[in-house]
Amino acid sequence: MILADSFPHLQSEGFTETSPATSAYNCIAWAAGETDRWWWPDRFDVGYWPGSVPRTESLEAFFQVFESLGYTRCENGDLETGYEKVALYVQDDKPTHAARQLPDGRWTSKLGKEFDITHTLRGLEGPVYGRVAGFLKRPRP
């Protein structure tokens, strides 16, 4: 993966690679706090999806996934003491990515089958993940 082509803002916004590449999990699993399975609604063969959530690639379904984990929708990605947030990205109105906020306000993401990084929200906006379309929060575990 050529990061500059996929994420044109990443270099200028800054990022840090935090783990090696693996196909064991994806961004949705990582945002949900898991590292042992792939989460996506259309991956019946190898993926996981909460049984109570429709298996559709819609922003609403992805909101429901995180709501099933105790998150509630919120207005923005600003750091709030005592809360962990998730940002959902969309491209052409389809969910593409999720990022989880760290206690210091930075964000952490798994880039497909590649590595995990810390970054800004704008750093991942662009031709691959599109734009941030919504936020959720829950009390920090």
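Here are the numbers:
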{"quantity": "Test result for Gly70, modelled with pLDDT under 95, among the small types (Gly, Ala, Ser) and under 17 Å from Glu34 (Cα atoms)", "calculated": "no"}
{"quantity": "Search result, residues across the stretch 65-90 that are surrounded by 16 or more Cβ atoms within 10 Å (Cβ to Cβ) and of a type outside the set (Asp, Glu)", "calculated": "Val65, Phe66, Tyr71, Cys74, Gly77, Tyr83, Lys85, Val86, Ala87, Leu88, Tyr89, Val90"}
{"quantity": "Selection count where residues are on the phi < 0 side of the Ramachandran plot and not in a strand (DSSP E or B), scope the stretch 67-120", "calculated": "20"}
{"quantity": "Test: residue in the stretch 38-50 that is touching a residue at least 60 places away in the same chain (Cβ under 8 Å) and either buried (at least 20 other Cβ atoms within 10 Å of the Cβ) or polar (S, T, N, Q) (or both)", "calculated": "no"}
{"quantity": "Given (1) surrounded by fewer than 16 Cβ atoms within 10 Å (Cβ to Cβ); (2) in contact with a helix residue (DSSP H, G or I) (Cβ under 7 Å, 6 or more places away or on another chain), index of the condition Ala99 fails", "calculated": "(1)"}
{"quantity": "Pairs where the first residue, in the stretch 127-139, is small (Gly, Ala, Ser) and the second is in a loop (DSSP other than H, G, I, E, B), C-beta under 8 Å, 6+ apart", "calculated": "Gly130/Asp92"}
{"quantity": "Failed criterion for Ile28 (all others in (1) at positive phi; (2) out of contact with any Ser or Thr (no Cβ under 7 Å at 6 or more places or on another chain) hold)", "calculated": "(1)"}
{"quantity": "Output for the stretch 2-27, where each listed residue is under 17 Å from Thr118 (Cβ atoms), aliphatic (A, V, I, L, M) and assigned to a loop (DSSP other than H, G, I, E, B)", "calculated": "Ala21"}
{"quantity": "Residue within the stretch 124-133 that is assigned to a loop (DSSP other than H, G, I, E, B), surrounded by 13 or more Cβ atoms within 10 Å (Cβ to Cβ) and either modelled with pLDDT under 95 or of a type in the set (Val, Ile, Thr) (or both) present", "calculated": "yes"}
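The values are calculated or read from the model by the stated rules, or taken from the named source; none is laboratory data. Because the structure is predicted, anything quoted here is derived from the model rather than measured. Glycine gets a Cβ as well: all are built from the backbone with ideal geometry, and neighbour counts include every protein chain shown.
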